[in-house]
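For reference, the structure is listed below as structure tokens.
The values are calculated or read from the model by the stated rules, or taken from the named source; none is laboratory data. Since the structure is predicted, the reported quantities are computational estimates derived from the model, not experimental observations. Every residue, glycine among them, receives a Cβ derived from its backbone with ideal geometry; neighbour counts consider all protein chains shown. Quick note on the areas: whole protein, heavy atoms, side chains included, nothing else; ligands and nucleic acids left out. Shrake-Rupley method; radii C 1.70, N 1.55, O 1.52, S 1.80 Å.
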Amino acid sequence: MATVEQQLPDGAELRKHNGIIGAGEGIPVENPATGEIVATVPDLGAEGVAEMAVRARAAQPEWEAYGFDGRARVLIRAQKWLMDNAERVVETIVSETGKTYEDAQLAEIGYAGNAFGFWAKEGPNYLADESVKSSQVLVKGKKLVLRFRPLGLIGVIGPWNYPLTNSFGDCIPALMAGNSVILKPSEITPLTSLLLAEGLRECGLPENVLQIATGRGATGAALVEHVDMIMFTGSTKTGTKVAETAARRLIPASLELGGKDPMIVLADADLERAANFATYYSMQNAGQTCISIERVYVEEPVYDEFVAKVSEKVRALRVGKPEGFGSVEVGAITFPPQLETIKDHVADAVQRGARVVTGGQEVAGAGRFYEPTVLVDVDHSMKCMTEETFGPTLPIMKVSDADEAVRLANDSPYGLGASVFSKDTARGEAIARRLEAGAANVNDAMINYTVLELPMGGAKASGLGSRHGAGGIRKYCSQQAIVVTKLAMKKELFMYPYKPRTSKMLAGLFKFMYGRGKRA
Ligand code: NDP
């Protein structure tokens, strides 16, 4: 068994940097593809988080004083560091998630590489002072400015499915905005965050501006008690607890939660493309993606052909321990209890009359794997159609028409992503607009996540707020309204003493401005 220090270039520094004072025995980190323990990390707990928060607050003013240019320079160095160290980062991600090398490279390295550059470039634009014009007559001639300033200390809590993209990724705009950040990665996958924090230090990020609070749920709960804003990604159940604490403390919370993304295939769709997308975006990352395709609705005339195509493609997928690029398509189930959920959803579906076309079994042997699975004859009485499965399973349901597909797609507590396939893109878009989802792709899936200019967030129980776009960095700031009066008289007309003549004049003015039933 290695300690986390052996995983990283300069372990002694890491200890110092994180001020690791872990309580208890520490947390073993398992490689889900082999069952081996690859590292142990400290369980920081509430006391450790409190100490980190003090250090983070002391470090923040200097970081804010770097200004946009100084902070952007650090992020651009970090972007290069990530590319120079991509192999090591991929190995670390694979070792703690069991995902394939391709999944780690495309959806994690590719995302973070882009994000460092994007926030370094666009952050200053999104956060620049905005000069505001007003129709309010009382402020004519005054300078009006909307200004964004960092909140101070941001807490980021992340899930285990994307340790770089989802845990670390949200730290990037928070840092660019001038905050210090404490990141609490999932106890299942803390190593990538520790490695990235080391990388950022090498790139010149001042001490304690980014700290990694390794630990279990209690460490996350403690973090919410100390920060000025919390960015949470994880399950709806835990997100609700985080929101409750944030409400009590009156701090903003941004919540990226679970999903049950539907895909709609219309009769006129390019079936080959639709089948390829259904296969890839349900099985990619072994289905452990918040915006993976979790259920498909297909119009009756093309249902059989679509099922045949998807089943053939899914049957061809190789599942098992990733041994390097090109070795397998579907990797491990990262989180131990998730395997039980997947098995339960498949068993429940079969018991209620569903048919397994391919897959349907846990893979025996070392490591945690589940066969890529296609289910048909499914309906909304089954968990596989209504609850988040988060595994390599794809239930496909026949519908009579697009209206039925939309009704069933919206019949969910979740509303994260959705997709519609049709050669008639205008019709596809019209249907996309009827879906209760934070994002809807036409003839595509999941791709919206890569568009950092567009907000990504969920409707309904899938979350509150969003990441990416202007709102994805402004949420780490407070807004300040600045009003500057340049041409200043000794007093304004409406001030004391009150006189009937002035009041009558003001009444006339208001009537003229607002009482004509016209747009000003
Ligand atoms: P969890 O909600 O179980 O955990 C998320 C994080 O919260 C972990 O770091 C966890 O720590 C921590 N945590 C646990 N208890 C508390 C608490 N009381 N207070 C504060 N933090 C706590 O989610 P998973 O890790 O299982 O992630 C999978 C979920 O994440 C799925 O539902 C998925 O859909 C969702 N997700 C959503 C995304 C989106 O953008 N909308 C993106 C990616 C995933 P620990 O692990 O140590 O218990």
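Only one entry of 154, 188 meets the criterion of being farther than 30 Å from residue 482 by Cβ and in contact with a Phe, Trp or Tyr (Cβ under 9 Å, 6 or more places away or on another chain), and that entry is 188. Residue 233 meets the stated requirement of being buried (at least 21 other Cβ atoms within 10 Å of the Cβ) and within 8 Å of the ligand (Cβ to nearest atom). Just one of the listed residues (117, 155, 123) is open to solvent by less than 10 Å² (accessible area, probe 1.4 Å) and part of a helix (DSSP H, G or I), namely 123.
Would you confirm whether or not the stretch 192-204 contains a residue that is open to solvent by 10 Å² or more (accessible area, probe 1.4 Å), in contact (Cβ under 8 Å) with a residue 60 or more places away in the chain and touching a Ser or Thr at 6+ places or on another chain (Cβ under 8 Å)? So far as the stretch 192-204 goes, no, none of its residues is open to solvent by 10 Å² or more (accessible area, probe 1.4 Å), in contact (Cβ under 8 Å) with a residue 60 or more places away in the chain and touching a Ser or Thr at 6+ places or on another chain (Cβ under 8 Å). Would you point out which residue out of 268, 228 is over 16 Å from residue 466 (Cα atoms), open to solvent by 10 Å² or more (accessible area, probe 1.4 Å), more than 8 Å from the ligand (Cβ to nearest atom) and in contact with a Leu (Cβ under 6 Å, 6 or more places away or on another chain)? Unique residue meeting the criteria: 228. Annotation: residue 440 fulfils all but one of (1) open to solvent by less than 50 Å² (accessible area, probe 1.4 Å); (2) assigned to a loop (DSSP other than H, G, I, E, B); (3) not β-branched (Val, Ile, Thr); the unmet one is (2).
Taking each residue of the stretch 312-329 that is more than 15 Å from residue 284 (Cβ to Cβ) and looking for partners that are part of a strand (DSSP E or B) with beta-carbon atoms closer than 9 Å, six or more apart or interchain, yields 312/358; 315/357; 315/358; 315/374; 320/330; 320/363; 320/369; 321/369. With (1) outside any loop (DSSP other than H, G, I, E, B); (2) open to solvent by less than 20 Å² (accessible area, probe 1.4 Å) as the list, and residue 445 as the residue in question, which single condition is left unmet? So residue 445 meets the others, but not (1). Mind listing whichever residues of the stretch 134-159 are within 12 Å of the ligand (Cβ to nearest atom) and in contact with an Asp or Glu (Cβ under 8 Å, 6 or more places away or on another chain)? If the condition is that a residue be within 12 Å of the ligand (Cβ to nearest atom) and in contact with an Asp or Glu (Cβ under 8 Å, 6 or more places away or on another chain), then 156, 158 are the ones that fit. Scanning the stretch 141-152 for any residue that is touching a residue at least 12 places away in the same chain (Cβ under 8 Å) and part of a helix (DSSP H, G or I) turns up nothing. Taken as a whole, the condition of being within 16 Å of the ligand (Cβ to nearest atom), assigned to a loop (DSSP other than H, G, I, E, B), surrounded by 16 or more Cβ atoms within 10 Å (Cβ to Cβ) and assigned by TED's automatic domain parsing to the domain that holds residue 395 does not apply to residue 342.
Is at least one residue of the stretch 163-172 in a helix (DSSP H, G or I) and either open to solvent by 10 Å² or more (accessible area, probe 1.4 Å) or without any contact (Cβ under 8 Å) to a residue 12 or more places away in the chain (or both)? Spell out how you get there, then give the answer.
We begin by selecting, within the stretch 163-172, every residue in a helix (DSSP H, G or I); these are 163-168, 171-172.
Those left that are additionally either open to solvent by 10 Å² or more (accessible area, probe 1.4 Å) or without any contact (Cβ under 8 Å) to a residue 12 or more places away in the chain (or both): none.
Scanning the stretch 163-172, I find no residue that is in a helix (DSSP H, G or I) and either open to solvent by 10 Å² or more (accessible area, probe 1.4 Å) or without any contact (Cβ under 8 Å) to a residue 12 or more places away in the chain (or both), so the answer is no.
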